[in-house]
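For reference, the structure is listed below as structure tokens.
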Amino acid sequence: MSKVALVTGGSRGIGAAISRALMEAGYTVAATYAGNDDAAKAFTEETGIKTYKWSVADYDACAEGIKQIEAELGPIAVLVNNAGITRDAMFHKMTPQQWKEVVDTNLTGLFNMTHPVWSGMRDRKFGRIINISSINGQKGQAGQANYSAAKAGDLGFTKALAQEGARAGITVNAICPGYIATEMVKAIDEKVLNERIIPQIPVGRLGEPEEIARSVVFLASDDAGFITGSTISANGGQFFV
């Protein structure tokens, strides 16, 4: 029986690539999404991966959704906390709502999703938690005080929880993507992309979603059992820690 992997925000962008890669690696995959029903339906029709709709910012919805997935597919062995949103604004113009929405999804969402699966992983003496943070959680970014703070918080969460899970056979790691060729990034003005963003990336190109996905598959594997509390910086050399 294959292990069950749950990917939040798993029907689009980086999340969709992660879901596909885990399925190809032999996992039974479930993907969550928050709003785009058409994209989720198309993704399921294309891949056969079941999608479930809820907001990771809602603890009760997470607990109920996870309960449903485990009843249908089996206990969750791998959790990829990928769901995230942006509400960009320079700080002097940022509203409390913009701050709260980003922190609730991008940071509190990790608690909301991980907490309901943690006891089961401890009982089974196995688990893989993989948190998708961001280069901007490492270096900061103007106009993203909310996003950068939340993504930096993801790294603190990763390091603390790794210490708690280690003796229970649970690893907790993070990946910090740089600029990845998703719909959102490719929608940036071509001149800005080519003249301001790509020149900052030493490898001279955007990353591909599949490159992040391959990192996830490795961290989820038995081969990565001695790696915990770590951060993979997948940014083409743009920023070093």
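The values are calculated or read from the model by the stated rules, or taken from the named source; none is laboratory data. On a predicted model such as this, the values are computed, not experimentally measured, just so you know. Please note: Cβ atoms are built from the backbone with ideal geometry, for glycine as well, and neighbour counts cover all protein chains shown.
Among helices (runs of 4 or more DSSP H) entirely within segment 1-115, having at least 2 residues that are touching a strand residue (DSSP E or B) at 6+ places or on another chain (Cβ under 9 Å) singles out 13-24, 37-47, 59-73. Residues of segment 104-161 that are among the hydrophobic types (A, V, I, L, M, F, W, C) and within 22 Å of Val185 (Cα to Cα): Leu107, Ile132, Ile135, Ala142, Ala145, Ala149, Ala150, Ala152. Looking only at segment 3-20, which residues are within 19 Å of Ala77 (Cβ to Cβ), in contact with a helix residue (DSSP H, G or I) (Cβ under 7 Å, 6 or more places away or on another chain) and surrounded by fewer than 23 Cβ atoms within 10 Å (Cβ to Cβ)? Matches in segment 3-20: Val4, Arg20. Just one of the listed residues (Phe218, Phe240, Phe226) is out of contact with any Gly (no Cβ under 9 Å at 6 or more places or on another chain), among the aromatic types (Phe, Trp, Tyr) and assigned to a helix (DSSP H, G or I), and it is Phe218.
When Val185, Val217 are screened for being free of Cβ contacts under 8 Å to residues at least 40 places away in the same chain and either buried (at least 17 other Cβ atoms within 10 Å of the Cβ) or under 28 Å from Met94 (Cβ atoms) (or both), only Val185 passes. Kindly indicate whether Glu45 is of a type in the set (Asp, Glu), loosely packed, with under 15 Cβ neighbours inside 10 Å and under 20 Å from Ala220 (Cα atoms). So Glu45 fails the test. The single condition among (1) polar (S, T, N, Q); (2) more than 23 Å from Thr8 (Cβ to Cβ); (3) surrounded by 17 or more Cβ atoms within 10 Å (Cβ to Cβ) that Ser233 does not meet is (2). Taking Asp154 as meeting all but one of (1) of a type in the set (Asp, Glu); (2) buried (at least 16 other Cβ atoms within 10 Å of the Cβ); (3) in contact with a Lys or Arg (Cβ under 9 Å, 6 or more places away or on another chain), write down the number of the exception. Here Asp154 clears every test but (3).
Just one of the listed residues (Lys93, Lys50, Lys67) is more than 28 Å from Arg124 (Cβ to Cβ) and modelled with pLDDT of 95 or more, and it is Lys93.
Taking Val203, is it in a helix (DSSP H, G or I) and of a type in the set (Val, Ile, Thr)? For Val203, the condition - in a helix (DSSP H, G or I) and of a type in the set (Val, Ile, Thr) - is not met. Pairs, please: C-beta under 7 Å, at least 6 apart or cross-chain, first residue within 12 Å of Ala152 (Cα to Cα) and in segment 93-110, second basic (Lys, Arg) and at pLDDT 95 or above? The qualifying pairs are Asn106/Lys151. Restricting attention to segment 122-143 and to residues that are assigned to a loop (DSSP other than H, G, I, E, B) and crowded, with 23+ Cβ neighbours inside 10 Å, the residue that is nearest to the chain's Cα centre (by Cα) turns out to be Ser133.
Within the span defined as segment 55-65, one or more residues are buried (at least 21 other Cβ atoms within 10 Å of the Cβ), touching a residue at least 40 places away in the same chain (Cβ under 8 Å) and closer than 20 Å to Ile14 by Cα. The set of residues in segment 159-182 being assigned to a helix (DSSP H, G or I) and either among the hydrophobic types (A, V, I, L, M, F, W, C) or over 20 Å from Arg124 (Cα atoms) (or both) consists of Lys159, Ala160, Leu161, Ala162, Ala166, Ala168.
The condition of being without any contact (Cβ under 8 Å) to a residue 12 or more places away in the chain, among the aliphatic types (A, V, I, L, M) and under 26 Å from Tyr27 (Cα atoms) holds for only one of Ala71, Ala162, Ala168, Ala83, that being Ala71.
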